[in-house]
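J.: Below is a structure I'd like to ask you about.
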Amino acid sequence: MGNSIDSSTDGSRQSSTQSTKQSTKKSSATGYSAGQNQPQYDALIIGAGVSGIYQLHKLLELGMSATVLEAGGGAGGTWYWNRYPGARFDSESYTYGYSFSKELLAEWDWSEHFAGQPETLRYLNHVVDRFDLRDHMQFDCRVKSSSFDDEKEFWTVCVDDGRTFTTRFLITAIGMLSAPTLPRYSGVDTFKGQSFHTCAWPHEPVDLKDKRVAVIGTGATGVQVISEIADKVGDLTVFQRRPNWCAPLHNSKIDAETQARIKASYDDIFERCRQTPGGFIHGPDRRRFEEVSEQDRLEFWEQLYRSPGFGVWFGNFRDVLVDENINAEYSRFIADKIRQRVNDPDLAEQLIPKDHGFGTRRVPLETRYFEAYNRDNVHLVDINKTPIESITETGIRTSDCDRGFDIIIYATGFDAVTGAFDRIEFTGSEGQKLSDKWLDGPITYLGLQTAGFPNLLTLAGPQAGSVTTNFPRGIEEAVDWATELMKYIQQHKYNRIETSAEAEAGWGVDVREAFNTSLLASTRSWFTGFNSNVAGHDKLRYLIYNGGALRYRERLTQVADHNYQGFHFK
Ligand code: NA7
């Protein structure tokens, strides 16, 4: 459990553990000392996931007084919450870990090419302890609201148990897929068996043996769950609204020799990730689709399909995600793979997406997902044909029948990217509410700040480059950049940083241009801001920057080199 602080807002009555930790930082690196008009902390970070952990480490290195408030009972963010069976990386483990410490890289052995959730959670906790971060984190602390005081120029943050904290800078590290959404069917609360959203999977083992299990949702999460539990349950019924283009993960154990090779080549691995648009080791093939003969193309695609990880999505010709006809060719190739793997031809057709092309939504990577449907105990219900009418006390009612279940698993996704912001009431300068400002979609500068909300940095927030990359790669760069910004602020003894509507307008144009050139823009998914379970999320919202990690990095560097162009300091 983390430290506790009482409800004092002037920082003068910290708990004993906290005051010991903070006493060395009474007069912090920013030159503030706690007092009536001074905040308790130089920086407060919301969230102890991949972003929050690293940002805390960097701020403590700077000598700032900083704390992390985390809603969960421990560190790990996504990897703390998502404990469902089958949860694992789709990025190669050794490209997902932090790159900032050579010692950390040398001492940590990933056991699989794509590690499972328990291992990742252990890793993140290892990082927290190795860098002495735990004492600066407070768990079971759900932030309810935060408001900026224009006179004092600091934020007051309120958590759900009534405590408040004050901080000069407020940094959100709240995740882009951390606000789970349940379907709006009637009766969700009435089901008498066990039911879980995948993101709220219990910490205690769930007994699946011989159980009648329903899974609603066939996104990246549903696909992992279904593949993992198909042979462990009595009966499994999958309720599918739209199929996704899934492709094999090809996971395997890392043997000692490979481990040594990985460790010896970390510099090259991370350099490779720096050079690809997605921050993965998989980058686009430089050739244009038309330059390659049909035979060479098919061989190349076979090879992509056989290779581990996201090569099948990001290692392709660039024009596959830009040109509809080329995309249709590739989609046909993948559809044939599905037909080869599913015994029943009608069932295969139901599992092949018809409403969007390959890669225009998040591609779930899978291990024997399609083969699961060849099992006698696995059934698919197409809820377009027979819609779910309600959840009953004993199961699920569709338009044609009632089905009884012991367990219902909601793999129904998240109110993506902005959902976590909407669940906290942010009140900025002159009483402006963030939820009002972002009602029709987020408005940001670089995805890192939003005008009218001084001293608030939205790490990995909407429209930040990190959101569309191999997450830790993008996030390390964002955190390093934010840390340099903090250093700049320290050096100049500034109290306030804010961006302008003008800077936001320019960034908004960049975000839209980068997005609209891709086929992703015309597909309904969380990338484009759609979520049928959230009122109003039924139109395109520009949640993500799709210009690629290289362009985003260039832009951040340019802004910093020009004295943080687009930001005003006071
Ligand atoms: P996703 O990718 O948003 O998938 C959610 C799935 O749940 C998807 O198949 C949805 O169907 C389905 N869904 C959502 N609401 C309903 C209702 N009301 N009824 C039936 N089916 C529903 O979330 P995931 O958790 O799988 O993945 C999120 C990210 O986590 C993923 O991109 C990775 O980066 C990790 P739809 O396709 O919308 O018709």
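The values are calculated or read from the model by the stated rules, or taken from the named source; none is laboratory data. Because the structure is a prediction, the values reported are computed rather than measured. Virtual Cβ from ideal backbone geometry, glycine too; neighbours counted across all protein chains shown. Heads up: the accessible areas ignore ligands, DNA and RNA and are worked out on the full protein's heavy atoms, side chains in. Shrake-Rupley method; radii C 1.70, N 1.55, O 1.52, S 1.80 Å.
J.: Just grab the label-to-label distance for Lys493 and Phe333, each label 7 Å out from Cα along the Cβ direction, in nm (one decimal).
T.: Placing both labels 7 Å along Cα→Cβ, they lie 6.2 nm apart.
J.: Same structure again: Counting alpha carbon pairs within less than 8 Å and at least 6 residues apart, what relative contact order, in whole percent, applies to the chain?
T.: Values: 1160 pairs, mean separation 104.2, N = 570.
It comes to 18 percent, rounded to a whole number.
J.: Can you send over the carbon and sulfur percentage of the accessible area for the chain, probe radius 1.4 Å, protein chains only? Please report the intermediate quantities before stating the final value.
T.: Working: 10830 of 23130 Å².
Result for the chain: 47 percent of the exposed heavy-atom area is carbon or sulfur.
J.: Rg to Rh ratio, the chain, alpha-carbon atoms and Kirkwood radius? Intermediate values should be presented prior to the final figure.
T.: Values: Rg = 24.0 Å, Rh = 24.8 Å.
Value, to two decimals: 0.97.
J.: Evaluate the distance, in nm, between pseudo-label points positioned 7 Å from the Cα of Asp422 and of Leu439 along their respective Cα→Cβ axes.
T.: For Asp422 paired with Leu439, the spin-label model returns 1.3 nm.
J.: Between His250 and Asn384, what FRET efficiency comes out of the Förster formula 1/(1 + (r/R0)^6) with R0 = 25 Å and r the beta carbon distance, rounded to 0.05? Write out the running numbers ahead of the final one.
T.: Numbers: r = 31 Å, r/R0 = 1.25.
Efficiency for this residue pair is about 0.20.
J.: For the range 401-454, what's the radius of gyration and Dmax over Cα atoms, in angstrom?
T.: Here Rg and the maximum Cα pair distance are 17.6, 55 Å.
J.: What residues have an amide H closer than 5 Å to that of Leu380, excluding those fewer than 5 places away on the same chain, when H is modeled at 1.01 Å from N in the peptide plane?
T.: The list, which skips near neighbours in sequence, is Val238.
J.: Here is a further query. Suppose each label sits 7 Å from its Cα in the direction of the beta carbon; what would the Lys144-Glu271 distance come out to in nanometres?
T.: Taking the two extended label points, one gets 5.3 nm.
J.: Output ³J(HN,Hα) for the range 434-443: one whole-Hz value per residue in order, computed from phi by the Karplus curve 6.51 cos²θ - 1.76 cosθ + 1.60 with θ = phi - 60°, and x for Gly and Pro.
T.: Those phi angles translate into 5, 4, 6, 4, 9, 3, 9, x, x, 10 Hz.
J.: If you count only protein heavy atoms with a 1.4 Å probe, what accessible area per residue comes out for the chain, rounded to a whole Å²?
T.: Details: 23130 Å² over 570 residues.
With the other protein chains kept in place, the chain gives 41 Å² per residue.
J.: Let me ask another. Can you classify the range 214-291 as rounded, prolate or oblate using the Cα gyration tensor, where a ≥ b ≥ c are the square roots of its eigenvalues, rounded means a/c under 1.5, and otherwise it's prolate if a/b beats b/c and oblate if not? The partial results should precede the final answer.
T.: Details: a/c = 3.25, a/b = 1.57, b/c = 2.07.
Oblate, because a/c is 1.5 or more while a/b does not exceed b/c.
J.: Order 117-128, 97-108 from most to least packed using the mean count of other Cβ atoms within 10 Å. Please list the in-between numbers first.
T.: On the way: 117-128: 18.9, 97-108: 15.5.
Top to bottom by mean Cβ count within 10 Å: 117-128, 97-108.
J.: Computed from the mean reciprocal separation of all distinct C-alpha pairs, what Kirkwood hydrodynamic radius does the range 101-209 have, in Å? Mind dumping the intermediate values first?
T.: On the way: mean 1/r = 0.0541 Å⁻¹.
For the range 101-209, inverting the mean 1/r across all distinct Cα pairs yields 18.5 Å.
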